[in-house]
2 protein chains.
Amino acid sequence: MTDRHNSPVHIPAFEDESCTVALRKQLLRKNPLFQDIPENAVDRVNSRFRSVSFEKGDYIIREGKSAGRFYILATGVAKLFRTHPDGRTTLLDILSSGDYCGSIADAGFGPREYEETVIADSNVCSISIGSTAFRRILEEQPSVALRTVDTLSSRLRLANEMVQQLGGSSVETRVAFVLLRLSKKLGQPWEDKILIRSPLSREEIAAMAGTSAESCSRTLSDFRRRNLVSAGRGWVALVDPESLENLIA
Amino acid sequence: MTDRHNSPVHIPAFEDESCTVALRKQLLRKNPLFQDIPENAVDRVNSRFRSVSFEKGDYIIREGKSAGRFYILATGVAKLFRTHPDGRTTLLDILSSGDYCGSIADAGFGPREYEETVIADSNVCSISIGSTAFRRILEEQPSVALRTVDTLSSRLRLANEMVQQLGGSSVETRVAFVLLRLSKKLGQPWEDKILIRSPLSREEIAAMAGTSAESCSRTLSDFRRRNLVSAGRGWVALVDPESLENLIA
DNA sequence: ACGGTTAATTGATCTTCATCATGTTGTCCC
DNA sequence: GGGACAACATGATGAAGATCAATTAACCGT
């Protein structure tokens, strides 16, 4: 387990970023959703949001609670999951800066309660808006609506890919798939590898890949032997993404 | 196997509907996406679509083919699936009247090729529009954009539910889940039961539930013994949806 | 109504993976 | 730097389900 030495747990990616005012202000313009709104509309849109911070471990949204707000993450990471009736949990995604969660649909359409839970996995700064107000923006700013449609389409495609993987692949393939997906989203170069910038236990990878923590551990050990990944307590880095990609195809 | 006698294969649900002009014209107004466009815009929007028919077995869209069109089904059913590299197939959804498929994103955003395949499972009439033209409608008619966002959100939620099921449940649960989902979408009362209005082989149910045709058959046999479903060659009807629902929870 | 075709069923076997149990090691905190 | 705790690793076992094989019977055409 030589991998474990010189662990990356303390490199900046894993530290809290501060949630400065400047950052919160610039979030809108950096966010894909608002990329092409006209200059003169930025302030008006911006003023409708308010900022909200969460401590690590806080619920951002919670299954069963009454829905109605929409959040965009500025800094930090959060975990999006669904809970089975028996208490087990399926990790659907890890959200980071620019990602959003919550409900867009309001009273008329869709469920009145959140069906997913989002928990801050580090300190998180976000901006937030009520669904109804957000819908007003969508009406007034067609470009935002188009971007929203695009982003939702893209998420839907990812979800469908996941359904395909879970439905028809081995544990090895599913774990490889999850790692690649996370690295594309949260990857950061580190010592010739791609480090996944999020605390990530075996249990959590397992919850994403639809397997058990033990099987996940075995698979990672195997990947390590084949020099495909480095992994330690709470972190994973990809050494050879191409070969992992081949495992899936 | 007394179930099999008096098969429903020939009741109207399974017959082709004709694709009349009147029907095609009314499609827009019945479709959720266009439900609240102003009266005076209907014709303008309508004129941008063109109608396309498909014979049973035709490809409507095909993985790997260059994307760029958007289809709304008027009559008939079609199957939406993804193909694994090894040729196996994951059935993601069964589309029927009012459902749509294809790409909304155009050149700038998203992949240039379809990532899913849709095959007509009966004769299908649809209306179709280029992605770019559709985006123009989204820009001009905010209500359509909102509806599109809502529908995508709803589909995404369904996909996430599916991920949860596939990731953490037994074959029995997954099959029950798939049957319930299909019955909600394609259910039709028939002899005190809810018939699923679509040709549906064990293989296809299996492809949706992420299992093998044999396991699916065993599960259905068991459900039949417990008086939860009726099923024959190519069809399934729910006898006791409540109990099936309990299997999932 | 009668065969023929092919989906569906059922049984037997083998593989994969979840689970349980136990040992190991990184990380945190002093 | 050292001890404690929790995460991780790994071995053994069993259960769920995939796969292979053989039989049955639903539906179709005539």
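Count, please, the residues in region B:162-172 that happen to be more than 7 Å from chain A (Cβ to nearest Cβ) and crowded, with 19+ Cβ neighbours inside 10 Å.
Number satisfying all stated conditions: 2.
Could you list, in sequence order, all residues of region A:24-47 that are surrounded by 14 or more Cβ atoms within 10 Å (Cβ to Cβ) and not polar (S, T, N, Q)?
A:R24, A:K25, A:L27, A:L28, A:P32, A:L33, A:F34, A:I37, A:A41, A:V42, A:V45 - these are the residues of region A:24-47 that are surrounded by 14 or more Cβ atoms within 10 Å (Cβ to Cβ) and not polar (S, T, N, Q).
Report yes if some residue within region A:220-240 is surrounded by 21 or more Cβ atoms within 10 Å (Cβ to Cβ), at the interface with chain B (Cβ under 9 Å from one of its Cβ atoms) and away from DNA strand D (no atom under 12 Å from the Cβ); otherwise report no.
Checked against the condition, which is being surrounded by 21 or more Cβ atoms within 10 Å (Cβ to Cβ), at the interface with chain B (Cβ under 9 Å from one of its Cβ atoms) and away from DNA strand D (no atom under 12 Å from the Cβ), region A:220-240 yields no hits at all.
Working only within region B:174-198, note down all residues that are touching a helix residue (DSSP H, G or I) at 6+ places or on another chain (Cβ under 6 Å) and of a type in the set (S, T, Y).
Taking region B:174-198 first, the residues touching a helix residue (DSSP H, G or I) at 6+ places or on another chain (Cβ under 6 Å) are B:174-178, B:180, B:188, B:194, B:196-198.
Within region B:174-198, B:S198 is the sole residue that qualifies.
Quick one: is B:I137 in contact with a strand residue (DSSP E or B) (Cβ under 7 Å, 6 or more places away or on another chain) and either more than 16 Å from DNA strand C (Cβ to nearest atom) or not in a helix (DSSP H, G or I) (or both)?
no
With of a type in the set (A, V, I, L, M) and buried (at least 21 other Cβ atoms within 10 Å of the Cβ) as the only criterion, which of A:L180, A:L92, A:L156, A:L80 stands out?
Testing whether each residue is of a type in the set (A, V, I, L, M) and buried (at least 21 other Cβ atoms within 10 Å of the Cβ) leaves just A:L92.
Being over 16 Å from the mean Cα position of the chain (by Cα) and either within 8 Å of chain B (Cβ to nearest Cβ) or of a type in the set (V, I, T) (or both): is that true of A:A176 here?
In short, no.
Would you check which residues across region A:30-42 are assigned to a helix (DSSP H, G or I) and either polar (S, T, N, Q) or over 28 Å from A:F81 (Cα atoms) (or both) and list them?
A:E39, A:N40, A:A41, A:V42
List the number of the failed condition for B:R218; all other conditions in (1) over 24 Å from B:S122 (Cβ atoms); (2) modelled with pLDDT under 95 hold.
(2)
Looking only at region A:188-208, count how many residues are surrounded by 18 or more Cβ atoms within 10 Å (Cβ to Cβ) and more than 16 Å from DNA strand D (Cβ to nearest atom).
Going through region A:188-208, the residues surrounded by 18 or more Cβ atoms within 10 Å (Cβ to Cβ) turn out to be A:193-198, A:200, A:202, A:204-208.
Among the residues that remain, those that are also more than 16 Å from DNA strand D (Cβ to nearest atom) are: A:194.
Residues that pass the stated criteria total 1.
The values are calculated or read from the model by the stated rules, or taken from the named source; none is laboratory data. Quick caveat, the model's predicted, so the values are computed rather than measured. Cβ coordinates were reconstructed from backbone atoms using ideal geometry, including for glycine residues, and neighbour counts include every protein chain displayed.
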